[in-house]
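These notes are about the structure you will find just below.
Derivation of every value follows stated rules applied to the coordinates shown; laboratory data play no part. These figures come from a predicted structure and were not determined experimentally. Please note: Cβ atoms are built from the backbone with ideal geometry, for glycine as well, and neighbour counts cover all protein chains shown.
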Amino acid sequence: MSRVQRFQATVTVDRRGRTHVHIPFDPDQVWGPKPRHPVAGSVAGRSLRGTIEKLDAGPVMTLGPAWTCLALTDGATVDVVLEPEGPQREDLATDIAEALDAAPDAAAAFDGLAQFYRKQWLRWIESTKRRPDQRPVRIAEMIELLRAGHKERP
């Protein structure tokens, strides 16, 4: 199944100049449940990185006024291309994925991190090449720190 989602959306622009892109699908169903969905892609041909928020009215991505110097008009219909940003659970090494599967609370925390933090955790674990005995120790430490609410190693 493709991670890339292509669709047309009608945007709303609020009085503070923020552009709200209404997402016509449930990102939890398409990309797996997460507390938040960091995404990359484009809106109206303009590149972006953002986060899909879950609101009562449905999923929405809000883009600040600095996103573009050429504002979209309220009610405009635009082409949108989005995909999850950064390493996803299915991209992980088996031992890391299994550890996260065994700790759903840590997995939810990991899945909700921005790509910078996810990549930082994975680089730290992968840096055990010369000391492979440290890899499971680091994976266990990552799980405990994520459970404690840390985005990165203290």
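If the Cβ limit is 8 Å and pairs must be 6+ apart or interchain, which residue in region 120-137 that is of a type in the set (Phe, Trp, Tyr) pairs with which residue that is assigned to a helix (DSSP H, G or I)?
Listed pairs, sorted by first residue: TRP121/PHE110; TRP121/MET142; TRP124/ARG138; TRP124/MET142.
Using the structure shown, decide if PRO87 is of a type outside the set (A, V, I, L, M), under 25 Å from LEU100 (Cβ atoms) and free of Cβ contacts under 8 Å to residues at least 40 places away in the same chain. Steps first, answer last, please.
Working: of a type outside the set (A, V, I, L, M): yes; under 25 Å from LEU100 (Cβ atoms): yes; free of Cβ contacts under 8 Å to residues at least 40 places away in the same chain: yes.
Yes, satisfied.
Go through region 101-134 residue by residue and tally those that are β-branched (Val, Ile, Thr) and loosely packed, with under 15 Cβ neighbours inside 10 Å.
Looking only at region 101-134, we keep the residues that are β-branched (Val, Ile, Thr), and these are 125, 128.
Imposing the further condition that a residue be loosely packed, with under 15 Cβ neighbours inside 10 Å reduces the set to none.
Summing the residues that are β-branched (Val, Ile, Thr) and loosely packed, with under 15 Cβ neighbours inside 10 Å in region 101-134 gives 0.
Can you find a residue that is assigned to a strand (DSSP E or B) and among the aromatic types (Phe, Trp, Tyr) anywhere in region 3-26? Steps first, please.
So in region 3-26, the residues assigned to a strand (DSSP E or B) come out as 5-13, 19-22.
Checking which are among the aromatic types (Phe, Trp, Tyr) leaves us with 7.
Yes, region 3-26 has at least one match.
Step by step: first the residues of region 19-46, then only those that are of a type in the set (Lys, Arg) and touching a residue at least 40 places away in the same chain (Cβ under 8 Å), then the one that is surrounded by the fewest Cβ atoms within 10 Å (Cβ to Cβ). Which residue is that?
Residues of region 19-46 that are of a type in the set (Lys, Arg), as a first pass: 34, 36, 46.
When the remaining residues are screened for being touching a residue at least 40 places away in the same chain (Cβ under 8 Å), the result is 34, 36.
Working: LYS34: 21, ARG36: 14.
The extreme case among them is ARG36.
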